[in-house]
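Here is the structure we will look at, set down as structure tokens.
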Amino acid sequence: MKGQELKHALTGYIDQMPPLPTSIGKVLEICQRPNAQPADLNRVITLDPVLLARVMRLINSAYYGLNQEVTSLVRAIIMLGLNTVKNLALSTAILGTVKTSGEKSSALSLDGFWLHSLCVGVAAKHIARLRNVSSNDVENYFFCGLLHDIGKVPLNNRAPEEYLTALSASADQRIPLFEAESQLLELTHCDAGALIIKTWRLSSDILDVVTWHHDPESYTGTNTELVHTVILADYFANIQEIGFSGNRFPSLPSPAIYQSLGLTWGQIEALEPQVRQEIEKAKIFLKLV
């Protein structure tokens, strides 16, 4: 199974995945309003007890390191900002949906995969801070990094034998995994991920990262800094061997990517202690279900 046949099978699989809660659509709608207020977001999240519980659990986790327990969602929104709480709500809903939707497969270790994804999110956040990205936007780098490889989940679950062949070919030929996917499946995890993001109607920045993080030369959108940051974070996670994405031989990021961000590999490599320390706190994201 490959090419159009595989795409058709993946589309059917994704269509059968549990939909995101209706509350998530309302959260996104509110946060797109220029005059959105904490009380508006509070009303929507409060109506979804599961989402509320998960968001409050995250807000009070070591990841955010608040000095005292927050019992009021409105207060949490004021402290963290609408954008951060929006991404928390999205993270909890998406991870909860993806982690409970698929059967287990031996093609790719999902524990290793999610740890890799978490590392990319944390590393992207730290790289953004190196560049003095505003605190209001930094959390979006984490969220996009966390989801960058989401297309591997349906490939792993819906076509385990074919995906195991691609994983083996990548290792045997010492080529990046997305190249092996393209050769053998005529479809990559970027294509599969784009199907998920479009099905859930998520924002264009997430779609761009998921679609283009292995093909930055072809990218012509407006989220170049975000895409490039996730590319470097992904390379960092693979080189440091934090988690396992199935990509034993990642592509070397081009000098143009470093130049576009005004950074060097040495600066990114120096982030290792902070990234590893924060990953331990961020593991709360993997315990949402």
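Would you list the helices (runs of 4 or more DSSP H) that sit entirely within the stretch 2-47 and hold 1 or more residues that are under 20 Å from the mean Cα position of the chain (by Cα) and surrounded by 16 or more Cβ atoms within 10 Å (Cβ to Cβ)? Give the steps one after another, and end with the answer.
Details: elements: 3-16, 22-31, 38-46.
Output list reads 3-16, 22-31.
Run VAL210 past the list (1) farther than 26 Å from PHE285 by Cα; (2) part of a helix (DSSP H, G or I); (3) at pLDDT 95 or above and report the number of the one that doesn't hold.
(1)
All but one of (1) surrounded by fewer than 21 Cβ atoms within 10 Å (Cβ to Cβ); (2) hydroxyl-bearing (Ser, Thr, Tyr); (3) closer than 23 Å to GLY145 by Cα; (4) touching a residue at least 24 places away in the same chain (Cβ under 8 Å) hold for SER117; state the number of the condition that does not hold.
(1)
Among the listed residues VAL74, VAL153, VAL70, which satisfies the condition of being of a type in the set (A, V, I, L, M, F, W, C) and not in a helix (DSSP H, G or I)?
VAL70
Listed here are the residues, each with its yes/no results for (1) free of Cβ contacts under 8 Å to residues at least 40 places away in the same chain; (2) under 27 Å from PHE285 (Cα atoms); (3) small (Gly, Ala, Ser); (4) in contact with a strand residue (DSSP E or B) (Cβ under 9 Å, 6 or more places away or on another chain).
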| position | (1), (2), (3), (4) |
| --- | --- |
| VAL138 | yes, yes, no, no |
| TYR141 | no, yes, no, no |
| ASN156 | no, yes, no, no |
| GLU161 | no, no, no, no |
| THR165 | yes, no, no, no |
| ASP172 | yes, no, no, no |
| LEU177 | no, yes, no, no |
| GLN183 | yes, no, no, no |
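Which of (1) under 17 Å from PHE244 (Cβ atoms); (2) under 15 Å from the mean Cα position of the chain (by Cα) does ALA171 not meet, given it meets every other one?
Here ALA171 meets the rest and fails (2).
All but one of (1) assigned to a helix (DSSP H, G or I); (2) out of contact with any helix residue (DSSP H, G or I) (no Cβ under 7 Å at 6 or more places or on another chain) hold for ILE175, so report the exception by its number.
(1)
Quick one: SER61 ticks every box in (1) under 25 Å from LYS287 (Cβ atoms); (2) assigned to a helix (DSSP H, G or I) except a single one, so which number is it?
If we test SER61 against (1) under 25 Å from LYS287 (Cβ atoms); (2) assigned to a helix (DSSP H, G or I), just (2) comes out false.
Report the residue count in the stretch 4-60 for those that are of a type in the set (A, V, I, L, M, F, W, C), within 16 Å of LEU88 (Cβ to Cβ) and without any contact (Cβ under 8 Å) to a residue 60 or more places away in the chain.
Let us first name the residues in the stretch 4-60 that are of a type in the set (A, V, I, L, M, F, W, C), namely 6, 9-10, 14, 17, 20, 24, 27-28, 30-31, 36, 39, 41, 44-45, 47, 50-53, 55-56, 58-59.
When the remaining residues are screened for being within 16 Å of LEU88 (Cβ to Cβ), the result is 20, 24, 27-28, 30-31, 36, 41, 44-45, 50-53, 55-56, 58-59.
Applying the additional criterion that residues be without any contact (Cβ under 8 Å) to a residue 60 or more places away in the chain yields 30-31, 36, 41, 44-45, 50-53, 55-56, 59.
Result for the stretch 4-60: 13.
Search the stretch 74-93 for residues that are of a type in the set (D, E, K, R) and pair each with any residue that is surrounded by fewer than 22 Cβ atoms within 10 Å (Cβ to Cβ) when their beta-carbon atoms are under 6 Å apart and the residues are at least 6 apart or on different chains.
LYS86/CYS31
Of the residues GLU241, GLU186, GLU269, GLU278, which is over 30 Å from LYS26 (Cβ atoms) and surrounded by 18 or more Cβ atoms within 10 Å (Cβ to Cβ)? Walk me through how you get there before you give the answer.
Numbers: GLU241 fails: surrounded by 18 or more Cβ atoms within 10 Å (Cβ to Cβ); GLU186 fails: surrounded by 18 or more Cβ atoms within 10 Å (Cβ to Cβ); GLU269 fails: surrounded by 18 or more Cβ atoms within 10 Å (Cβ to Cβ).
Of GLU241, GLU186, GLU269, GLU278, the one residue that is over 30 Å from LYS26 (Cβ atoms) and surrounded by 18 or more Cβ atoms within 10 Å (Cβ to Cβ) is GLU278.
Only one of (1) surrounded by fewer than 17 Cβ atoms within 10 Å (Cβ to Cβ); (2) under 28 Å from VAL122 (Cβ atoms); (3) modelled with pLDDT of 95 or more; (4) of a type in the set (Gly, Ala, Ser) fails for SER135. Which number is that?
It fails just one condition, (3).
Let's see how each residue does on (1) modelled with pLDDT of 95 or more; (2) surrounded by fewer than 16 Cβ atoms within 10 Å (Cβ to Cβ); (3) of a type in the set (Val, Ile, Thr); (4) part of a loop (DSSP other than H, G, I, E, B):
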site	(1), (2), (3), (4)
LYS198	no, yes, no, no
HIS214	yes, no, no, yes
HIS228	yes, no, no, no
LEU232	yes, no, no, no
PRO253	yes, no, no, yes
ILE257	yes, no, yes, no
SER260	yes, yes, no, no
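The values are calculated or read from the model by the stated rules, or taken from the named source; none is laboratory data. Note that the structure is predicted; figures quoted are calculated from it, not measured. Glycine also receives a Cβ, built like all others from the backbone with ideal geometry; neighbour counts cover every protein chain displayed.
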